[in-house]
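In what follows, a single structure is set out as structure tokens and then discussed.
What follows draws every value from the coordinates through simple rules; no lab data is involved. In this text, all values refer to a predicted model and were calculated from it rather than measured experimentally. No Cβ is skipped: glycine too gets one built from the backbone with ideal geometry, and neighbour counts run over all protein chains shown.
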Amino acid sequence: MAPQEVFHAAGGQEQHERSAREVRQRAILRVAVPVPLRRLFDYLPPEGLTCDDCRPGQRFWVPFGKRSLVAVLVDVVDDSPFDELKPALERIDSHPVFDQRSRQFLQWAADYYQAPAGELYAAALPVALRKGKPADHWAEQWLELTTEGKGLPETALARAKKQQALLQLLLSFGRQSRTALNARGLNSTVCKALIERGLARWVSGPTAPPPLEDTEPKPAPDLNEEQQLAIDAVAFDSFSASLLEGTTGSGKTEVYLRLMERALREGKQALLLVPEIGLTPQTLRRIAARFPDFGIAALHSGLADGERARAWLSAASGVADIVIGTRSAIFTPLPRLGVILVDEEHDGSFKQQDGVRYSARDLSVVLAKRAGVPVMLGSATPSLESLHNALSGRYQHLYLRHRAGNARPPQISLVPTLHQQLQEGFAPQVLRHIGETLSRGEQVLVFINRRGYAPALTCDDCGWLADCPHCSSKLTLHRRQRHLRCHHCDYRMREVHSCPQCHSRNLNALGAGTERSEDFLAHTFNQFPVIRVDRDTTSSKQALDRLLEPARNGEPCLLLGTQMLAKGHHLPRVTLVVIQDADGGLFSADFRAPERMGQLLEQVAGRAGRGDLAGHVLLQSRYPEHPMLQLLLNKGYGAFARQLLEERALTQLPPIRAMALVRAECEEARWAEEFLTNARHYLEALAPPSPQLQYLGPVPALLERKSGRFRFYLQITAEKRGLLQQMLARFCAWAEGNKNRRLRWAVDMDAQELS
Ligand code: ADP
Ligand code: ZN
Ligand code: ZN
């Protein structure tokens with residue numbers, strides 16, 4: 001529920017901006033246009049409007065070459081370096097959709113990530129608004145009290161209970177949207193009665209967040225000591241950044257909920273960022289059940305364009321109190337922002353891997369600082385970046401060391417698989433454990449990091465291997481859909497039963513993905529349901545929710561799936577977790593692979609024993625003696641991560657050093673390589689290599705060819721982020737002059753992937 005001042009507060013700020021500016025005769029609109037050029041563009045006001053009608057943050061249709069594009073007004077200026085300005089075509093919004101703080105924040109991000117501001121504005125907007133639909137389309141009716149109504153005591157209208165309830169609501173919380181009133185069962189008849197008495201009236205106002213499905217309100221549990229300490233450590237009157245390092249199931253979410261509650265009580269908005277697969281109906285229900293009286297805007301990809309625009313606008317106008325979203329939600333203007341929470345802060349999905357390559361996790365700290373509010377990053381397996389910031393004192397370091405409620409930490413054992421008689425990839429003792437657990441009426445979770453039936457198909461006679469014609473990768477056999485598919489470019493070909501090269505029928509599916517394991521486990525444990533969870537079985541968030549229904553009901557079952565199962569789900573009857581292959585990150589060329597492996601193993605293991613029953617984890621490995629696995633197992637992720645940090649210090653890699661990649665891709669490998677060689681010469685001329693500034697490359701990306709393009713990168717590590725920034729800004733200006741249209745290049749600041 002929004003306090004009444006909100007509307008006026010936003011208006012007041014714009015008034016101020018306007019009077020601060022001298023209105024001149026020939027004023028010019030400086031706008032951000034969604035094109036890949038790192039500059040702003042100037043236009044005259046649209047026909048029939050003066051600059052007085054135009055306020056920064058509004059959108060305009062502008063002519064651009066032969067096209068019309070949606071631009072955002074960033075500034076009104078007196079002078080332009082260009083002659084012959086064209087007028088903008090049309091003003092789209094009657095009120096700005098971006099407030100001043102969000103505009104400055106977006107500009108900061110554009111500078112930091114070397115991105116065109118226009119592309120960043122576009123990334124900030126939901127699709128419907130990006131396409132130019134006016135915000136007024138979602139305007140809504142609000143019921144507000146007249147002067148007479150405001151003069152009444154709460155006890156008035158005692159003879160008409162519903163009207164009294166409505167009056168009381170309006171007296172205590174100010175005006176209410178039609179959506180909010182309907183959700184409370186206060187329909188138009190009740191409203192009409194109040195209006196006819198001259199006590200209230202309808203006015204037009206911003207949209208309210210779309211109502212969530214009904215949930216039983218659920219009271220909060222009593223906090224344990226560590227949770228209380230963590231909450232008390234967060235001050236609300238200024239910026240602070242905290243890392244909440246808390247074991248899986250230790251009650252981190254409960255801490256977020258309490259911090260949200262505090263912000264809401266102060267009349268502020270709370271922003272919760274979650275990883276892509278973390279925004280499940282289960283998460284939303286939990287929040288809705290805690291805050292039944294507040295407006296919740298959930299920004300996720302499952303929404304239709306219109307609903308998403310509505311949720312976004314309700315947040316941007318200050319009506320929604322709680323905003324939950326995946327990475328792009330960080331760009332939602334929040335005029336009453338009071339706290340930012342980032343759940344599973346280590347998750348890779350917070351970093352965008354194409355277009356503007358921003359990190360929502362990193363930006364959350366920047367935004368909190370600019371807004372003067374606290375930010376909390378939480379994880380059972382913090383990223384080395386955040387851990388480094390916490391250990392060096394830049395972030396406040398908070399811990400939840402124990403599981404909440406009665407849950408105990410799981411017991412973890414390694415199962416060696418070398419020289420073992422495996423059945424479809426499972427050791428006999430693992431299968432025995434699965435059987436026993438199911439027979440006890442408990443649940444089992446089997447983690448397999450590959451979807452499909454088998455990751456490779458080969459011919460035993462001539463050695464043919466099913467490769468993707470467009471990528472340097474193998475095709476995965478998907479037997480259910482009877483095709484072979486590339487997981488990088490989505491190329492598909494019909495399943496073959498004889499070798500395309502020598503026509504032999506001795507084709508061999510190598511290795512096991514989720515489909516194959518599902519067949520085997522369903523056959524072996526045929527008295528129990530086997531639920532496969534991967535991207536192929538869960539096309540929508542709702543599908544995942546439905547799929548997990550039997551598991552939540554508590555009946556014995558076997559869950560089998562990819563990392564979609566690793567996070568966010570609270571399944572108290574899972575007592576055995578099997579990790580089929582723990583060796584994934586041990587020998588990768590990516591220096592972040594061990595960190596990711598540790599996070600994944602700890603998160604998956606954390607699904608075991610979250611209820612009253614004790615949990616068990618079995619890790620199959622070919623290298624059980626490997627020091628990394630041993631450390632992870634014996635000392636846990638915390639010690640493991642601290643050891644990795646020491647290694648990064650020795651090798652001078654992030655987070656000890658700042659790192660940026662210049663990427664280039666092209667159908668012609670040598671053009672990409674040549675571009676990067678020139679880039680390196682250009683950069684080295686600006687700042688020669690030194691112990692504080694190192695260049696590597698051009699080198700081929702880990703996936704060298706993707707969708708028919710060869711991919712290379714140049715890696716730059718620097719002691720000083722500022723220097724890297726300046727160099728890259730100059731480089732971008734230089735590289736924009738590159739005329740080879742078939743070559744794509746990008747700057748990836750704080751790159752996470754070498755692939
Ligand atoms: P995390 O986010 O760290 O994985 P959750 O907040 O989801 O942990 O908590 C795990 C379980 O413990 C949930 O069912 C939650 O309701 C419960 N829980 C959290 N805090 C408490 C508490 N103080 N007392 C009792 N139960 C709690
Ligand atoms: Zn063959
Ligand atoms: Zn491919």
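So, R0 is 51 Å and r is the distance between the beta-carbons of Glu719 and Lys161; what FRET efficiency does that work out to, to 0.05? About 0.15, to the nearest 0.05. On the beta carbon distance between Lys635 and Leu391, with R0 = 25 Å, the FRET formula returns roughly 0.95.
Checking the Cα-Cα distances for Lys218/Lys369; Lys131/Lys351; Lys133/Lys706 against a 29 Å cut-off, the pairs over it are Lys218/Lys369; Lys133/Lys706. Spacing of the modelled spin labels on Arg730 and Asp232, each 7 Å from Cα toward Cβ, amounts to 5.3 nm.
If R0 equals 22 Å, the separation of the Cβ atoms of His137 and Leu89 corresponds to a calculated FRET efficiency of about 0.75.
Distance between the 7 Å Cα→Cβ label points at Glu154 and Asp293: 1.0 nm. Packing here is the average count of other Cβ atoms within 10 Å per residue, and on that basis the peptides 157-165, 667-675, highest first, run 667-675, 157-165. What the Cα convex hull of the chain gives, in volume per residue, is 193 Å³.
Per-residue extension of 0.36 nm, minus the Cα-Cα distance of Ser204 and Asp612, leaves a gain of 141.7 nm for this segment. For the chain, Cys51, Cys54, Cys191, Cys489, Cys557, Cys666, Cys732 stand unpaired, since no other cysteine beta carbon lies under 4.7 Å from theirs. Consider a paramagnetic label point 7 Å from the Cα of Arg286 along Cα→Cβ; state which residues of the stretch 203-230 have an amide N under 19 Å from it. Residues 212-230 qualify, since their backbone N sits under 19 Å from the label point. Taking 0.36 nm per residue of sequence separation and removing the Cα-Cα distance, the His570/Ala649 pair yields an extension gain of 24.8 nm. Each peptide in 597-607, 53-63 was scored by the mean count of other Cβ atoms within 10 Å over its residues; highest first, the order is 597-607, 53-63. Only beta bridges with both residues in the chain are counted; by DSSP, about 55 percent of them are antiparallel.
Between Leu418 and Arg482, the contour length at 0.36 nm per residue exceeds the alpha carbon distance by 19.9 nm. Spin-label pair Phe591-Gln501: with each label point 7 Å from Cα along the Cα-Cβ axis, the two points sit 3.7 nm from one another.
Here the peptides 405-415, 94-104 are ranked by packing, the mean other Cβ count within 10 Å, and the order with the highest first is 94-104, 405-415.
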